[in-house]
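Just so you know, all these numbers are worked out from the coordinates, no wet-lab data involved. Note that this is a predicted model, so its numbers are computed, not measured. Cβ: placed from backbone, ideal geometry, glycine included. Neighbour counts: every protein chain shown.
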Amino acid sequence: MTIRLKKIDDVFKKYLSDEEIAEADKEAEGELQALKLLQEDVSKFASQVMVKNELGFRAFAKEHDLSLSMASKIIKGEGNLTLETIAHIAFCNGKKAHIVFTD
């Protein structure tokens, strides 16, 4: 039995017009940029906390009840964070997380 995999682009072209594909790509790029900004904000905050409290990486992870993997992703600005994780990090540091929507 042979399994044939299709490229996602081929599937899209079958069901969507070029304009619809371009619009979906544009929306996805905008969402990715917004996600990166949030990741950068949390990363900067985590770095500031580490410097202010003279915490090493492992101490930061332990104090915030994070796995080493998640702490690493947060510090690098790569974490796919839930709102719960963001709120937890803020709370552990006596802060409140607040998301602002801008143009």
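Annotations
- Computed on region 2-85, with alpha-carbon pairs under 8 angstrom and 6+ residues apart, the relative contact order is 28 percent.
- Cα-based helix-to-principal-axis angle, 83-92 vs the chain, degrees rounded to 10: 10 degrees
- The chain: calculated mean residue ellipticity at 222 nm from DSSP helix runs of at least 4, using -39500 (n - 2.57): -21500 deg cm²/dmol
- Site-free segments of the chain were taken between GluC sites (Glu not before Pro) in DSSP loops having at most 15 other Cβ atoms within 10 Å, sites themselves excluded; the longest one is 1-53.
- Beyond 16 Å, the tail of the calculated P(r) for the chain holds 66 percent of the Cα pairs.
- Seen against the Cα atoms of the chain and their longest principal axis, helix 18-52 is set at about 10 degrees.
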